[in-house]
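Novice: My questions will all concern the structure given below.
The values are calculated or read from the model by the stated rules, or taken from the named source; none is laboratory data. Only a predicted model underlies this, so the values are computations on that prediction, with no experimental measurement involved. Quick reminder, even Gly has a Cβ in these numbers, built from the backbone with ideal geometry, and neighbours come from all protein chains shown. Ligands, DNA and RNA are excluded from the accessible area calculation, which covers all protein heavy atoms including side chains. Shrake-Rupley method; radii C 1.70, N 1.55, O 1.52, S 1.80 Å.
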Amino acid sequence: MASSYDYDEGSYDSRSYATSAPGQAGGDVSYDPNFVPDSVRTFVVHLYRYIREKNVYEIHQMYEGSFQRLSERMFRESPWPSVEAVAPYVDNDHVFCLLYREMWFRHVYARLSPTGRQRVDSWDNYCSLFGVVLHGVVSMQLPNQWLWDMVDEFVYQFQSYCQYRAKLKTKTDEELQLLKQYDQAWNVYGVLNYLQALVEKSMIIQILEREKDGLEQFSATDGYDYDGGSNVLKMLGYYSMIGLLRVHCLLGDYHTGLKCLVPIDISQQGVYTIVIGSHISAIYHYGFANMMLRRYVEAIREFNKMLSYILKYKQYHQKSPQYDQILKKNEQMYALLAICLSLCPQTKLIEENVSIQLKEKYNDKMLKMQRYDEEAYAVFDELFSYACPKFITPSVPALGSPSQTSIRLQLKLFLYEVKQQQLLGGVRSFMKLYSTISLSKLANYMEVDEATLRTILMTYKHKMHAVDSNGKIVSNSDVDFYINDGIVHVVEAKSPKQYGDYFLRQILKFEEMIGELDRVKLD
């Protein structure tokens with residue numbers, strides 16, 4: 001297979017990859033890593049052949065279909081056969097064995113409970129795999145779904161390792177020794193460096209820039225290379241930008257995360273929307289980062305589009321392995337949308353079908369959040385804790401030292417922001433009633449003195465404006481004001497009516513009715 005990959009490394013060397021002993025995978029104690037069933041042998045032989053032939057369609061069918069079916073039928077509670085056992089059937093090919101082990105570890109993480117040793121081995125495998133992609137000349141073509149899953153799983157396993165490492169009190173002496181011995185495994189700098197290196201080496205930012213000028217056909221070909229080249233480095237670099245956004249969100253660095261995604265025009269359809277997992281991950285983390293930076297309008301707009309998309313197309317993904325994750329992220333985004341609309345009422349940005357679903361799920365809780373009392377804070381706490389990413393602490397914890405989990409720290413900052421907006425809802429409701437009102441009258445309505453009212457109005461100005469990714473100050477509110485000679489002048493933004501959306505909704509309803517009538521059988 002060397003002619004297909006054009007890399008300098010030799011064939012697969014089993015001495016470099018020690019497979020975990022039987023029974024360590026957290027599953028069937030009778031598991032024999034060296035036994036290869038006929039169906040598995042057939043699977044790896046065919047997959048190896050299709051990769052050599054660059055038959056992307058068949059690779060995708062085996063990756064998405066055959067691998068999942070075999071896992072469900074034969075390896076529900078045990079790992080797949082070891083890479084040493086299958087290597088002879090694929091000419092001991094180095095890169096194929098790295099790809100196989102990537103799938104092997106993903107299966108262990110998804111269905112079993114990985115040991116500390118397996119977590120470290122998986123890190124080593126990713127280092128070897130990305131090393132081949134970055135420093136070799138890889139000419140194979142792989143499905144976008146697989147390449148996205150590589151980046152997504154890489155970030156997930158980093159997140160999982162940080163959570164595993166943080167629970168020192170439950171570790172055995174052997175596990176503590178392993179953590180000390182392999183202290184560089186899943187190091188945050190290593191993870192960020194690999195993702196950034198893939199972005200830079202792939203030159204994906206330059207490719208996207210040239211596409212804007214009409215000099216590149218990246219989106220038109222869905223990232224594939226039909227001239228005999230490879231899509232692997234290019235697409236890994238593309239998906240790594242989304243991976244970087246996710247990592248920075250996990251670390252609480254929202255500015256940097258959004259900067260990493262700037263080359264991808266999130267407001268347009270693109271290659272990131274082809275794979276449902278990358279589409280949802282990009283919008284979820286993009287929207288969450290904007291929410292935490294008080295860019296509520298941008299967050300609401302993107303959550304609305306994503307939720308509307310899922311509402312229309314989720315039935316087509318029911319047989320997908322990612323279906324459960326799609327439903328989970330869907331529910332989390334509804335919770336985040338409820339939070340954003342409670343802090344920044346912009347119902348005009350929400351489509352009717354999304355609004356109906358939102359009211360069914362969170363209408364009572366949104367009414368509570370408008371009150372800004374202790375019960376409201378409890379609802380904000382509940383929704384945020386449910387819908388936020390599982391934040392991590394990248395540093396190695398000290399044994400015996402008291403620590404506050406990352407999620408509690410982010411929640412504390414978020415609730416502090418919410419409490420600062422406690423009186424803003426009242427200001428907004430009064431300004432919706434008046435076009436002009438004196439400061440004294442408004443202060444009397446709000447039961448505060450004029451000096452306090454001026455402070456509240458300044459807070460409203462500050463909290464309802466945010467700095468966008470271009471450094472411009474943008475308004476989040478549909479109601480603005482200015483003060484002149486002790487009079488508050490209210491300026492209400494009027495968005496143009498979207499007649500097109502109304503007609504589209506009615507057309508869809510009529511099409512559904514016609515379809516139902518066509519199915520009716522008359523006697």
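Novice: Go through segment 156-174 and count every residue that is surrounded by fewer than 21 Cβ atoms within 10 Å (Cβ to Cβ) and not hydroxyl-bearing (S, T, Y).
Specialist: Matching residues across segment 156-174 total 9.
Novice: Going by the conditions given, is S477 out of contact with any Ser or Thr (no Cβ under 9 Å at 6 or more places or on another chain), in a loop (DSSP other than H, G, I, E, B), open to solvent by less than 60 Å² (accessible area, probe 1.4 Å) and among the small types (G, A, S)?
Specialist: For S477, the condition - out of contact with any Ser or Thr (no Cβ under 9 Å at 6 or more places or on another chain), in a loop (DSSP other than H, G, I, E, B), open to solvent by less than 60 Å² (accessible area, probe 1.4 Å) and among the small types (G, A, S) - is met.
Novice: Looking at (1) open to solvent by less than 70 Å² (accessible area, probe 1.4 Å); (2) modelled with pLDDT of 85 or more; (3) of a type outside the set (F, W, Y), find the lone condition where D364 falls short.
Specialist: So the condition that D364 fails would be (1).
Novice: Let me ask you something else. Does A110 meet the test of being open to solvent by 10 Å² or more (accessible area, probe 1.4 Å), among the aliphatic types (A, V, I, L, M) and more than 30 Å from G223 (Cα to Cα)?
Specialist: In short, no.
Novice: Count, please, the residues in segment 185-214 that happen to be on the phi > 0 side of the Ramachandran plot and either touching a Pro at 6+ places or on another chain (Cβ under 7 Å) or buried (at least 16 other Cβ atoms within 10 Å of the Cβ) (or both).
Specialist: Final tally of qualifying residues: 1.
Novice: When the residues of segment 231-277 are narrowed to those that are open to solvent by less than 30 Å² (accessible area, probe 1.4 Å) and not in a helix (DSSP H, G or I), which ends up farthest from L147 (Cα to Cα)?
Specialist: G252
Novice: For segment 446-467, name all the residues that are closer than 22 Å to S342 by Cα, open to solvent by 60 Å² or more (accessible area, probe 1.4 Å) and modelled with pLDDT of 80 or more.
Specialist: T455, M458
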